[in-house]
Amino acid sequence: MKDDSAGSGVQNRRDFLKAAAAGAAGMSAVLAGFKPLLGDRRRVPGESRTAFAAPPVPIVRIGFVGVGGMGSAHVQNLLNIDGVQIKALCDIVPAKVERAQKWVVEAGQPLPSAYTRGDHDFERMCETEDLDLVFTATPWEWHVPVCLSAMRNGKHAATEVPAAMTLDDCWALVETAEKTGRHCQMMENCCYDRIELMTLNLVRRGVLGEILHAEAGYLHDLREVKFSSEGEGLWRRAWSRKLNGNLYPTHGLGPVAQCLNVNRGDALDFIVSMSSPARGLHEYAVANFGPSSPQAAEKYALGDVNSTLIRTKLGKTIILIHDTNLPRPYTRINLVQGTKGVAQKWPDRVYVEGLAAESHAWDDFEKFAAEYEHPLWKAIAAKGEGRGHGGMDYIEDYRLIQSLLKGEPLDQDVYDAAAWSAVVGASCESAAAGSRPIEIPDFTRGKWKTNPPLGIVAG
């Protein structure tokens, strides 16, 4: 019998090379579609600011854009913080503006101006109102336009998360903040939760040793929310049809990034990202709306579970998970591991070598609370009881106002907003490119090497 193995091997190699070439061409076509999403990560115009601060203001005059769920919660928080005047309210739904106006008047402040003339009426507000801060709690695609309009008109900007969905937009926020000297803070409330703050205190006081690794995420069954006919349901499911990656990284990433001194002694370097198949939303639609429904006919780009591995400039590692389309209890994971021990929320537990009650066994966080409860939580948490997400929403609003009143650097500055949000675009690129490593831009342009840690985490 003739042996064809050699010829077959040659043919196999040829077939492989041909397939690889076709795959590369196909991948190039895929990535071409991501150009607006990804942007130019080598862009380095301007000069990064160290300890970005602005002159103090005697009273923070605020205009709100979007006063639905989260926006209305922030309005109510800020009405209970000294040094604040809410002067303008903008929303495409007039009834929501009227509701918030009533709250402001009941709090003893003058009736704020109303802006309800459509999607872009925030531009008129930014151009005409005498404000110190514009706060946006809108659907994701509006975060950047509102923030840019605010800063270009001489106002500070605060935005719900994520700050931006593309790398180009991350750069736009950074460049505009630098050019105008106005703040742009992404309001990442999870940095102010009790256990996250206590973990920061443990880290800053050296209890966990040198921090080498962290695990974090946003694992939240949002199927009912995504198919709702109100609130986030009006827009959030659309993103699941458009993008495949980690679309909501900052709840998990923000707190552990602070523990790792990202942008203040270290920086995000590159990521590798991959997604599971998309099944959850389709199965939910079939079960709840029927197999012939318009909802069941939708096609989803977002894999049900996205896993992203991040490496920092100093070689530290972060595992970041996004999971919003499958049945599961809520968790952000929030694990920080150092050379002396490890701390975790979800569940709340700590292990410190030499301090543990028994070897290789977890201790409850409460064992450390007497000595390591974060001073900010001890001072402010009681005022935030019942005001959203266990009080952390109130603390983040309080800290923003205090920083503006005193003219101090923000706890989360524009470079944090950009770096943490950049995971969206970079994870989508990596997932589309067969989990190829993708660089995270250094928005600080090297200043991370010398930037001091923020006061909020000074211990």
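The long axis of helix 143-152 is offset from the longest Cα principal axis of the chain by roughly 50 degrees.
For the range 195-225, trypsin sites (Lys or Arg not before Pro) are listed when DSSP marks them as loop and at most 15 other Cβ atoms sit within 10 Å of their Cβ; the list is ARG205. Normalised by 2.2 N^0.38 Å, where N is the number of residues, the alpha-carbon radius of gyration of the range 370-421 equals 1.28.
Counting neighbouring beta carbons within 10 Å and listing from fewest to most, the residues ILE319, ILE310 come out as ILE319, ILE310.
Only DSSP H runs of four or more residues enter the estimate; each adds -39500 (n - 2.57), and after division by the residues of the chain the mean residue ellipticity at 222 nm equals -11500 deg cm²/dmol. Mean sequence separation of contacting Cα pairs (under 8 Å, at least six apart), scaled by the length of the range 157-238, corresponds to a relative contact order of 21 percent. Using alpha carbons only, the radius of gyration of the range 60-160 set against its Kirkwood radius gives Rg/Rh = 0.91. Structural descriptor for the range 96-203: relative contact order 19 percent, calculated from alpha carbon pairs under 8 angstrom and at least 6 residues apart. As a length-normalised measure over Cα pairs under 8 Å and 6 or more apart, the relative contact order of the chain settles at 22 percent.
Simple point charges give the picture: +1 on the Cβ of Lys and Arg, -1 on the Cβ of Asp and Glu, and for the chain a dipole about the Cα centre of about 900 debye. Listed from fewest to most Cβ neighbours within 10 Å, the set CYS126, CYS90 follows the order CYS126, CYS90. In this structure, the residue pairs whose Cα-Cα separation is over 25 Å, taken from LYS96/LYS179; LYS378/LYS447; LYS345/LYS383; LYS313/LYS340; LYS87/LYS155; LYS316/LYS367, are LYS96/LYS179; LYS378/LYS447; LYS316/LYS367. Taking other C-beta atoms within 10 angstrom as a stand-in for reagent exposure, LYS345, LYS383, LYS96 fall in the order LYS383, LYS96, LYS345, fewest first.
FYI, it's all coordinate maths here, none of it is from the lab. These numbers were taken from a predicted model, which means no experiment stands behind them. As a convention, Cβ positions derive from the backbone with ideal geometry for all residues, glycine included, and neighbour counts pool all protein chains shown.
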